[in-house]
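Asks: Sharing a structure, written as structure tokens. Questions coming.
The values are calculated or read from the model by the stated rules, or taken from the named source; none is laboratory data. The structure displayed is predicted, hence computed values, not measured ones. Ideal geometry is used to build each Cβ from the backbone, glycine not excepted, and the neighbour counts take in all protein chains shown.
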Amino acid sequence: MSDIKINITLPDGSVKSMHKGATGMDVALSISEGLARNVLAAEVDGEIWDANRPINDDATVSLLTWQNEGGKSTFWHSSAHLMAEALEALYPGIKLGIGPAIEGGFYYDIDFGDHTFDSENLDVLENKMLELAREKNEYVRKDISKADAVAYFKEKGDEYKLDLLEGLEDGTITFYEQGNFTDLCRGPHIPNTGFIKAVKVLNVAGAYWRGDEKNKQLTRLYAVSFPKQKELKEHLELLEEAKKRDHRKLGKELELFTFSEKVGQGLPLWLPKGTMLRERLEQFMRKAQIKAGYSPVITPHIGNKELYVTSGHYEKYGEDSFQPIATPHEGEEFFLKPMNCPHHCEIYKSKPHSYKDLPIRFAEFGTVYRYEQSGELHGLTRVRGFTQDDAHIFCTPDQVKEEFTKVIDLVLYTFKALGFEDYTAQISLRDPENKAKYIGSDENWEKAERAIVEAAEEKGLNTVTEYGEAAFYGPKLDFMVKDALRRSWQLGTIQVDYNLPERFELEYIGADNARHRPVMLHRAPFGSLERFVAVLTEHCGGNYPLWLTPDQIAVLPISEKYADYAQEVFSLMEENDIRGFIDHRDEKIGRKIRDAETKKIPFMLIVGEKEQEDGKVSARRHGEGDLGSFSQQEFIELFRKAATI
């Protein structure tokens, strides 16, 4: 190792003096052997490296373990290489596609040639992977010339790797080796295979090479791995729970929504109960928005092509949009709108504005359309038509921080009302080394970024800051929410935009009597109602907050003799804005209770002879059982307390 010293800055700001060529693992060992045993990779100046890769210059270094997302991603990518090694040992002559880490694990695309692989082979593959893992083979990085890389894969006859090599430049190509396996890969990888202690192949699917239907279909093996068997067991239990909570399954059972091939893929049909749920969400947001000073607007589902050319959405979403709608007028074309913001810009522009008018806040539950590929559609989380709780705020640069703070308040109020308690706010800022790819003056960017950071600090948000993740038109704040199964979802976004006011030539007259450009804030606490309902359904397993639930009560008469009293009870509940139904079926009360439990009805009101005589109801709570006997008014008071947002 060189005698030349370099400075390594750690996340806490401390600086370690190390020899040039020291590795992330050396840094870990200088802190503690316990830390070194758990280090999977190192983040060097924002880029993830192998823990054993030499560092030759001063650098900022973070050590990544299984507790870091970067550590998990490296672990899973390394596991994909281990899978490929096991497959080559079990099925000689196979050809390999790609094997990336993905959220929740990894996959590898394989051309099995003359070999047959199906679900009966999974145990054999998993055992082979663990056998190889126990060899503790190091992942070794090697720089290689393009000519040598091409020669290697030509000899193997692997056209998929040769195809990948065509797009790579000489001097940027690396191989990784472990045991008897070599792969084309940029890395990074964990130190050795011994870290991998538990493996599960989850699914076998088909995938066209490079996602092109014209290419050969390969076999895609999805899998997950862990450093401890206990963690795999917990993960598989979560997957089983996720199946029970799948919004597509619950949506059918709770009669919320459906799809029809005749209507079209990715176009959900909201059933009565789902419509009630959705409308309650809209009412919740409308009430909060009016209180916060928003003005409701409505815009058409279509717009002239020139509108989206001006906004830039035609260039960005043109390929993902539905085909243009041609009118009898020559050269006139309309599009189903991919975004609401251009329409709101035109509303702002419909009359002159003074600085005294600002901020102006327009809000709309606007339905937009994008032609997602059929293979990417998934229940309500990926659809072709969806409704955004969209709003756009037009303000002066000096008002950005205050408006940002108010939107944060609205987002946090929404999360609290709907039971989302674990979230992180990602502050996405400009890349300070490449300002040329952003529009707007340095002064405006600095003011906007400072406003976002200060607003997040004042609200005490748990934040992460990502440089280079800002949109080209402005910085933003994204809320990453963890659901009950610890899965992360982006819910809620606030964006600062200098682009659209410039494109649409929006103006206001300032205190100096001169014309100025307003700043535009985009915000959507729900995002899209479709996706939000899907995430909320899986988060609460269909047990929605009481104020939101479509059917809040079921009145269950023990027999038809008590139908009139059941109607009396139900009528009083309706008068007090309590939603539900009477189960008049000729079924035993036990069956009615079981069915109400299955439908996740929050309260069941059982009425029979004693209840009728006493003017009371016997109440049950979903998932809890009997609550006891109540007068009708006592139950209404109990309900109101439970339904408070």
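Asks: Go through the residues of region 294-311 one by one and say whether even a single one is in contact (Cβ under 8 Å) with a residue 24 or more places away in the chain and under 25 Å from the mean Cα position of the chain (by Cα). Show your work before the answer.
Replies: Of all residues in region 294-311, those in contact (Cβ under 8 Å) with a residue 24 or more places away in the chain come to 294-305, 307-308, 310-311.
Still in the running and under 25 Å from the mean Cα position of the chain (by Cα): none.
For region 294-311, residues in contact (Cβ under 8 Å) with a residue 24 or more places away in the chain and under 25 Å from the mean Cα position of the chain (by Cα): absent.
Asks: List the pairs whose first member sits in region 550-568 and is over 26 Å from Leu271 (Cα atoms), whose second member is surrounded by fewer than 20 Cβ atoms within 10 Å (Cβ to Cβ) and among the hydroxyl-bearing types (Ser, Thr, Tyr), and whose Cβ atoms are under 8 Å apart, counting only residues at least 6 apart or on separate chains?
Replies: Partner pairs satisfying both residue conditions: Pro557/Tyr565.
Asks: Among the numbered conditions (1) of a type in the set (Val, Ile, Thr); (2) modelled with pLDDT under 95; (3) surrounded by 14 or more Cβ atoms within 10 Å (Cβ to Cβ), tell me where Ile593 comes up short.
Replies: So the condition that Ile593 fails would be (2).
Asks: Follow-up question, since we're still on this one. Does at least one position in region 462-475 carry a residue that is more than 17 Å from Ile393 (Cα to Cα), modelled with pLDDT of 90 or more and in a loop (DSSP other than H, G, I, E, B)?
Replies: Yes, the conditions are met somewhere in region 462-475.
Asks: So, one more: Quick one: is Val400 under 30 Å from Gln323 (Cβ atoms) and among the β-branched types (Val, Ile, Thr)? Before you say what the answer is, go through the steps one by one.
Replies: Values: under 30 Å from Gln323 (Cβ atoms): no; among the β-branched types (Val, Ile, Thr): yes.
Considered against the rule, which asks whether it is under 30 Å from Gln323 (Cβ atoms) and among the β-branched types (Val, Ile, Thr), Val400 comes out as no.
Asks: Restricting to region 361-379, name every residue that is more than 30 Å from Phe504 (Cα to Cα), touching a residue at least 24 places away in the same chain (Cβ under 8 Å) and in contact with a Lys or Arg (Cβ under 6 Å, 6 or more places away or on another chain).
Replies: Gly379
Asks: Same structure, new question: Any idea which of Met18, Met25 is among the hydrophobic types (A, V, I, L, M, F, W, C), outside the structural domain of Pro432 (by TED's automatic domain parsing) and either in a helix (DSSP H, G or I) or under 18 Å from Gly187 (Cβ atoms) (or both)? Step through it out loud before you land on a result.
Replies: On the way: Met18 fails: either in a helix (DSSP H, G or I) or under 18 Å from Gly187 (Cβ atoms) (or both).
Among Met18, Met25, only Met25 is among the hydrophobic types (A, V, I, L, M, F, W, C), outside the structural domain of Pro432 (by TED's automatic domain parsing) and either in a helix (DSSP H, G or I) or under 18 Å from Gly187 (Cβ atoms) (or both).
Asks: Is it the case that Val535 is outside any strand (DSSP E or B) and of a type outside the set (Phe, Trp, Tyr)? Steps first, please.
Replies: Working: outside any strand (DSSP E or B): yes; of a type outside the set (Phe, Trp, Tyr): yes.
When the stated conditions are applied, Val535 passes them.
Asks: Hey, can you tell me all the residues within region 82-102 that are among the charged types (D, E, K, R) and farther than 19 Å from His189 by Cβ?
Replies: Initially, region 82-102 is screened for residues among the charged types (D, E, K, R), giving 85, 88, 95.
The answer is Lys95, and nothing else.
Asks: Quick one: how many residues across region 216-232 are over 17 Å from Ser73 (Cβ atoms) and either surrounded by 15 or more Cβ atoms within 10 Å (Cβ to Cβ) or at pLDDT below 95 (or both)? Please lay out each step first, then the result.
Replies: In the first step, residues of region 216-232 are kept if they are over 17 Å from Ser73 (Cβ atoms); the result is 216-221, 228-230, 232.
Next, only the ones that are either surrounded by 15 or more Cβ atoms within 10 Å (Cβ to Cβ) or at pLDDT below 95 (or both) stay: 216-221, 232.
Count: 7.
Asks: Okay, next question. Determine whether Ala436 is surrounded by fewer than 20 Cβ atoms within 10 Å (Cβ to Cβ) and free of Cβ contacts under 8 Å to residues at least 12 places away in the same chain.
Replies: yes
Asks: Can you name every residue in region 33-47 that is touching a residue at least 24 places away in the same chain (Cβ under 8 Å) and buried (at least 22 other Cβ atoms within 10 Å of the Cβ)? Before you say what the answer is, go through the steps one by one.
Replies: Step one: of region 33-47, the residues touching a residue at least 24 places away in the same chain (Cβ under 8 Å) are 35, 38-41, 43, 46.
Residues satisfying the conditions are Val39, Leu40, Ala41.
Asks: Name the single residue, out of those in region 578-595 being free of Cβ contacts under 8 Å to residues at least 60 places away in the same chain and in a loop (DSSP other than H, G, I, E, B), that is nearest to Arg640 (Cα to Cα). Quick ask: steps written out before the conclusion?
Replies: Initial filter on region 578-595 (free of Cβ contacts under 8 Å to residues at least 60 places away in the same chain): 580-595.
Among the residues that remain, those that are also in a loop (DSSP other than H, G, I, E, B) are: 583-588.
Details: Asp583: 23, His584: 26, Arg585: 28, Asp586: 31, Glu587: 30, Lys588: 30 Å.
Ranking the candidates gives Asp583 first.
Asks: Same structure, new question: Within region 555-567, identify whether any single residue is under 24 Å from Glu637 (Cβ atoms), hydroxyl-bearing (Ser, Thr, Tyr) and assigned to a loop (DSSP other than H, G, I, E, B), and answer yes or no.
Replies: At the first step, the residues of region 555-567 found to be under 24 Å from Glu637 (Cβ atoms) are 555-557, 562, 565-567.
From what's left, hydroxyl-bearing (Ser, Thr, Tyr): 562, 565.
Adding the requirement that they be assigned to a loop (DSSP other than H, G, I, E, B) leaves none.
No, every residue in region 555-567 fails to be under 24 Å from Glu637 (Cβ atoms), hydroxyl-bearing (Ser, Thr, Tyr) and assigned to a loop (DSSP other than H, G, I, E, B).
Asks: Limited to region 462-477, what total is found for residues that are under 22 Å from Gly419 (Cβ atoms) and crowded, with 18+ Cβ neighbours inside 10 Å? Working first, answer last.
Replies: First, the residues of region 462-477 that are under 22 Å from Gly419 (Cβ atoms): 462-463, 477.
With the extra rule that they be crowded, with 18+ Cβ neighbours inside 10 Å, the set shrinks to 477.
Of the residues in region 462-477, 1 are under 22 Å from Gly419 (Cβ atoms) and crowded, with 18+ Cβ neighbours inside 10 Å.
Asks: Okay, next question. If you scan region 135-149, which residues turn out to be more than 22 Å from Trp49 (Cα to Cα) and outside any loop (DSSP other than H, G, I, E, B)? Spell out how you get there, then give the answer.
Replies: Taking region 135-149 first, the residues more than 22 Å from Trp49 (Cα to Cα) are 135, 147-148.
Ala147, Asp148, listed by residue number.
Asks: While we're looking at this one, here's another question. Considering only strands (runs of 3 or more DSSP E) fully contained in region 39-132, which possess at least 2 residues that are out of contact with any Asp or Glu (no Cβ under 8 Å at 6 or more places or on another chain)? Steps first, please.
Replies: Values: elements: 41-44, 47-50, 59-64, 105-111.
Of the strands (runs of 3 or more DSSP E) lying wholly inside region 39-132, those with at least 2 residues that are out of contact with any Asp or Glu (no Cβ under 8 Å at 6 or more places or on another chain) span 41-44, 47-50, 105-111.
Asks: Applying the selection to region 298-324, what residues are over 18 Å from Glu372 (Cα atoms) and out of contact with any helix residue (DSSP H, G or I) (no Cβ under 6 Å at 6 or more places or on another chain)? Write out each step before concluding.
Replies: Filtering region 298-324 for residues over 18 Å from Glu372 (Cα atoms) gives 298-300, 303-312.
Once the filter is applied, which keeps residues that are over 18 Å from Glu372 (Cα atoms) and out of contact with any helix residue (DSSP H, G or I) (no Cβ under 6 Å at 6 or more places or on another chain), region 298-324 yields Ile298, Pro300, Gly303, Asn304, Lys305, Glu306, Val309, Gly312.
Asks: Among the residues of region 164-197, which ones are crowded, with 17+ Cβ neighbours inside 10 Å and among the hydroxyl-bearing types (Ser, Thr, Tyr)?
Replies: Tyr176, Thr182, Thr193
Asks: Does region 232-283 hold any residues that are part of a helix (DSSP H, G or I) and small (Gly, Ala, Ser), and which are they? It would help to see each step written out before you state the result.
Replies: So the first thing to find is which residues in region 232-283 are part of a helix (DSSP H, G or I), and the list is 232-245, 247-253, 272-283.
Within region 232-283, Ala242, Gly251, Gly274 meet the criteria.
Asks: Do we have Asp109 as within 30 Å of Gly171 (Cβ to Cβ), acidic (Asp, Glu) and crowded, with 20+ Cβ neighbours inside 10 Å here? Working first, answer last.
Replies: Values: within 30 Å of Gly171 (Cβ to Cβ): yes; acidic (Asp, Glu): yes; crowded, with 20+ Cβ neighbours inside 10 Å: yes.
Answer is yes for this residue.
Asks: If I ask for residues that are crowded, with 16+ Cβ neighbours inside 10 Å and touching a Gly at 6+ places or on another chain (Cβ under 9 Å), which ones from region 139-163 would you list?
Replies: Tyr139, Arg141, Tyr160, Lys161 - these are the residues of region 139-163 that are crowded, with 16+ Cβ neighbours inside 10 Å and touching a Gly at 6+ places or on another chain (Cβ under 9 Å).
Asks: Would a scan of region 164-182 turn up a residue that is under 32 Å from the mean Cα position of the chain (by Cα) and in contact (Cβ under 8 Å) with a residue 40 or more places away in the chain?
Replies: Yes, there is a match, as at least one residue in region 164-182 is under 32 Å from the mean Cα position of the chain (by Cα) and in contact (Cβ under 8 Å) with a residue 40 or more places away in the chain.
Asks: Could you say which residue among Gly510, Gly580, Gly492 is buried (at least 18 other Cβ atoms within 10 Å of the Cβ) and assigned by TED's automatic domain parsing to the domain that holds Val400? Let's see the steps before the verdict.
Replies: On the way: Gly510 fails: buried (at least 18 other Cβ atoms within 10 Å of the Cβ); Gly580 fails: assigned by TED's automatic domain parsing to the domain that holds Val400.
Result of the check over Gly510, Gly580, Gly492: Gly492.
Asks: Let me ask something additional. Given the structure, is Lys600 surrounded by fewer than 18 Cβ atoms within 10 Å (Cβ to Cβ) and within 30 Å of Leu410 (Cα to Cα)? Before the answer, list the steps.
Replies: Working: surrounded by fewer than 18 Cβ atoms within 10 Å (Cβ to Cβ): no; within 30 Å of Leu410 (Cα to Cα): yes.
So Lys600 does not fit the description; no.
Asks: Please find, within region 391-404, the residue that is farthest from Gly474 (Cα to Cα) out of those that are in contact with an Asp or Glu (Cβ under 8 Å, 6 or more places away or on another chain) and modelled with pLDDT of 95 or more. Let's see the steps before the verdict.
Replies: Quick first cut of region 391-404, residues in contact with an Asp or Glu (Cβ under 8 Å, 6 or more places away or on another chain) only: 391, 393, 395, 401.
Then keep just the ones that are modelled with pLDDT of 95 or more; that gives 391, 393, 395.
Details: Ala391: 16, Ile393: 14, Cys395: 14 Å.
Only one residue tops the list, namely Ala391.
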